[in-house]
Amino acid sequence: MENKNLKFFLIIILLLLNTGLLNAKTFTIAHHKDYHPFAFVDKNGESQGFLIDYWRLWAKKANVDIVLLPADLSHGIEKIINLKADIISGLFYNLISPKF
């Protein structure tokens with residue numbers, strides 16, 4: 001299991017190096033627009049939530065700028081595919097597969 005995770009991690013790093021994402025000074029982050037309390041848009045149109053706070057803190061510590069793009073999951077993935085976003089916040093890995 002650990003070997004599989006290491007391979008996955010190395011592939012991600014290679015992809016990031018190839019796209020220049022690791023050298024970027026501004027990251028565009030797509031996030032859920034209605035995933036309370038983790039990520040949502042408040043009544044003023046501002047991105048809020050635990051995950052948003054995390055990304056803001058990370059940006060401050062990493063000395064980079066972030067642009068937050070609220071969207072539903074399918075539009076967030078579409079933004080990645082169309083190179084409108086660099087990261088999707090709030091995707092989680094689960095060992096238990098859902099039964100459809």
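General remarks:
- Modelled FRET efficiency - R0 30 Å, N82 with L6, Cβ distances, 0.05 increments: 0.50
- Lysines with Cα under 17 Å of K79, excluding same-chain neighbours fewer than 8 positions away: K33
- The protection proxy used here, the mean number of other Cβ atoms lying within 10 Å of each residue, ranks peptides 54-61, 31-38 as follows, highest first: 31-38, 54-61.
- Extension gain, W58 back to K25 (0.36 nm per residue minus Cα-Cα distance, nm): 10.6 nm
- Added length on full extension, which subtracts the Cα-Cα distance from 0.36 nm per residue, E46 to L73: 7.9 nm
- Excluding same-chain neighbours fewer than eight residues apart, the lysines reachable from K4 by a Cα-Cα span under 26 Å are K99.
- Reachable lysines from K61, criterion Cα separation under 16 angstrom, eight or more residues apart if same chain: K25
- Normalising by residue count, region 35-89 has a Cα convex hull of 78 Å³ per residue.
- Distant-in-sequence amide H partners of L69 (H built 1.01 Å from N, under 5 Å): I29, A30, H31
Readers should treat all values here as calculations from the given coordinates under stated rules, not as data from a laboratory. In this text, all values refer to a predicted model and were calculated from it rather than measured experimentally. We place every Cβ from the backbone using ideal geometry, glycine too, and count neighbours over all the protein chains shown.
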